[in-house]
Structure formats: C-alpha cells, structure tokens
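The values are calculated or read from the model by the stated rules, or taken from the named source; none is laboratory data. Just so you know, these numbers come straight off a predicted model, no measurement behind them. Neighbour counts run over all protein chains shown; Cβ positions are idealised from the backbone, glycine included.
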Amino acid sequence: MKRRIGILTAGGDCPGLNAAIRGVARASYIAFDAEIVAIRGGYKGLIEGDFKEMKKGQFSNILTVGGTILGTARTPFKEMRVVGDDLVDKVYEMRKNYKKLKLDCLVTLGGNGTHKTANLLSEEGLNIIGLPKTIDNDIYGTDVTFGFHTAVDTATDIIDRLHTTAASHNRVMVVEIMGNKAGWLTLYAGLAGGADAILIPEIPYDIEEVVKVVEMRASMGKNFTIVAVAEGAIDKEEAQMRRKDMEDKRKEEGVDFVCQRVARDLAQLTGSECRYVIPGHILRGGSPSAYDRILSTLFGTYAAKLIAEENYGVTVALKNNQITANKLSDIAGVPKAVELDHHILKTAKAMGISFGD
Ligand code: F6P
C-alpha cells in the first residue's frame, strides 16, 4: 500500500516536535510504502506551496533536537477565510497545493490554532491527522500535550535557581511563566519548584492575599518569597473589565508584563525588595525531556497507524495513559483551562500555596 503524506508544524514551536516527526516518518516507512513531503513554515508553506520531498535519512538524528526541522509560523485561524489585500484565498490555495502534491493525507503538528485550521481543512474534504503539541498543555481531549513536561522541567529549574538568590538577598522574586489563557505550566512548575504563591489566569488574584504570604513568611523568619505568575494572570478588578479596557489601564500604568505589576505592588505594600524575571521563550527552547521524547514517539507512531487505517479527521491524544484519537470536530476551538477541582491544584492548596484568591 502506497501513501503520500504531507507533514507540517504550525504555531509556536516546542520541544518534542522533531521527535514526533521522526515517529510519524519511521513508523510509516515500516508500516507501508510511504512517501513524505515536508511543508515548510506551517500552513503558510501550504498556502504558498513551499515544500520539499523528504528522504528516509532526513528523519535521522532529530530525536533530541529542539525546535522543528520543518520550520513554523503563526497563520491566525481567524484570518484563514479572509481574503486580504494580497487577494490570496488561503483555503483555496491549501486545497490546491494538497491536490497538486497528490497527498493521501496531511499530518499537522500544533496547538489550538493549528487544530482549528486542521478541522477547517478536514471539513473542506482533506484527509487530516493532528498531533497535539504545546508547552501550554491547553488542548482539549488529551491529558497532556508534548512539549509541556520539558517546559515544566525548564521552568522548575529556573524557580530552583531563583530560590537560592532570593534567599541570599532576602528578596521577593516574581517569575513570569508562559501561558496566556491557561495556567497549567505555572501550576506544575510552581508546585515542583516550591513557589509560595501561584497566580494563574483561571483564578483572578487579590494582591492583598499575596501580601499576606510575604508577611506570614517574614513572621516565621523566612525573608524571601517566590511568586510564580502566569503570563495571562489577572487580578480580581481586571476580571470585571473588558479585555481592551484592562490593556489600556495597564498601558497607562506602564505595565508591559503582569510580573512587573505584581513585583511593583508587593514592593509598595510589603516594603520588601522585589525583582521580576521573565524567562519567556527559553521555556520553549532546548532538547525534549525523556518523557516528551517518549510521548512524541508514541503520538507519532500512532499517527502512522491511523494513516494505515485511513482513519482521518482526528487528532492523537493521551487519555488515562492510553494513546487514542479524538475527532477534530470534537476538540477544535474547545479550551482546556485548569479546572478549579483539578487534583494538582487541590494538592497545591493543601500544601498551603496561595493562589491569591
Ligand atoms: O502557545 C505557546 C506560547 O509559548 C504561549 O505560552 C505564549 O503565550 C505564546 O506562545 C507566545 O507566542 P510567540 O512565540 O508568538 O511570542
């Protein structure tokens, strides 16, 4: 059985993408007569016809390599059906290039935006298989995405390092961790790194509650505090505001990052010396952890099995420790925020970690 497979990575990169690409390729070459076409730079490459026929050997030596050998780009889902000034009908071009390449299917590795476009293409009649990646872990229907646990390891290492310097200087260290809509990464790394307060988008914070943490620790002779704050964290007042008004208010205050705001307020309200740290894209870089290498390999090889079965319009998932697949139409556009009764959140609370609520 011969199968011609297109493969692309879209959205923000993360560790494990190459391991997953390798998984798809190696298992496909073994399972059937596979021909693989790399689409470069995500959906942009599919729209613009930027592709390359791959040879088996080109999938070697990439298991441990961070980033993506295919390149990636953000092509916002909302604009996929919009014909802009360049007059390019993006959906038409993607369909056209898929046909031109004579693909039997297209494997798309990505996060929420990627899955929305994958579902759109599936509705357009293309044979699509998704693979869920993101350091944010916010894809519905899978217990975990690849890239997440490597980022947890990296963020935890950063918090560990901040601990020693915070303790030496008697400082409050506020570390901002990626995650605009979901606080999974901040929650896990905060718990693993022993943060004293964890602020996530799902739980609007009251700065006075964080002040209490700093003061309570000081009263116990612990003159340093670690606050892990997610990129998308908001306070209780902001939670009542429209997004635009909130952004304008922050701009007026000269706040570009939430960690600046938290550090500034804690300095004012506690008199402590405060510093903030933004690891930013460092969290997305580097070699995948052993866990992510295995998860990516499991997801990739499962995608090859789905191709062999011609089971399209789905994305691979891990549910209760079993690799399985969800229909794209069931998961595309569905957010996966931290549930307030999630066991990790409950454990952190039971440990006395403040969520500022
Ligand atoms: O989705 C992954 C992510 O790293 C988010 O945590 C972050 O908000 C965003 O991407 C940053 O995007 P960019 O790389 O486009 O700045």
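Put simply, of Ile177, Ile135, Ile128, Ile159 the only residue that is buried (at least 19 other Cβ atoms within 10 Å of the Cβ), of a type in the set (Val, Ile, Thr) and closer than 16 Å to Asp13 by Cβ is Ile135.
Okay, residues lined up against (1) assigned by TED's automatic domain parsing to the domain that holds Ala228; (2) hydrophobic (A, V, I, L, M, F, W, C):
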| residue | (1), (2) |
| --- | --- |
| Arg261 | yes, no |
| Val277 | yes, yes |
| Ala303 | no, yes |
| Lys319 | no, no |
| Thr324 | no, no |
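The single residue among Arg40, Arg22 that is among the basic types (Lys, Arg), under 21 Å from Lys305 (Cβ atoms) and crowded, with 16+ Cβ neighbours inside 10 Å turns out to be Arg22.
The rows are residues; the columns are (1) assigned to a strand (DSSP E or B); (2) closer than 21 Å to Ala233 by Cα; (3) assigned by TED's automatic domain parsing to the domain that holds Gly221.
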site	(1), (2), (3)
Thr154	no, yes, yes
Arg161	no, no, yes
Ala166	no, no, yes
Met173	yes, yes, yes
Asn180	no, yes, yes
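Please verify whether Val107 is outside the structural domain of Ala10 (by TED's automatic domain parsing), β-branched (Val, Ile, Thr), more than 15 Å from the chain's Cα centre (by Cα) and buried (at least 21 other Cβ atoms within 10 Å of the Cβ), treating the condition exactly as stated. So Val107 does not fit the description; no. Of the conditions (1) in a helix (DSSP H, G or I); (2) farther than 30 Å from Tyr140 by Cβ, Lys222 clears all except one; give me its number. With respect to (1) in a helix (DSSP H, G or I); (2) farther than 30 Å from Tyr140 by Cβ, Lys222 is out only on (1). Listed by position, the helices (runs of 4 or more DSSP H) enclosed by region 250-340 that each have at least 2 residues that are more than 25 Å from Gly12 (Cα to Cα) are 258-270, 290-308.
Tell me which residues, restricted to region 113-125, are without any contact (Cβ under 8 Å) to a residue 40 or more places away in the chain and either part of a loop (DSSP other than H, G, I, E, B) or surrounded by fewer than 21 Cβ atoms within 10 Å (Cβ to Cβ) (or both). Spell out the reasoning first.
Our first condition is that a residue be without any contact (Cβ under 8 Å) to a residue 40 or more places away in the chain; within region 113-125, this holds for 121, 124-125.
Of everything in region 113-125, those that are without any contact (Cβ under 8 Å) to a residue 40 or more places away in the chain and either part of a loop (DSSP other than H, G, I, E, B) or surrounded by fewer than 21 Cβ atoms within 10 Å (Cβ to Cβ) (or both) turn out to be Glu124, Gly125.
How many of the residues making up region 132-162 are away from the ligand (no atom under 14 Å from the Cβ) and under 16 Å from Gly66 (Cα atoms)?
The number of residues fulfilling the criteria is 2.
Of the residues making up region 92-112, those that are away from the ligand (no atom under 16 Å from the Cβ) and assigned to a helix (DSSP H, G or I) number 9.
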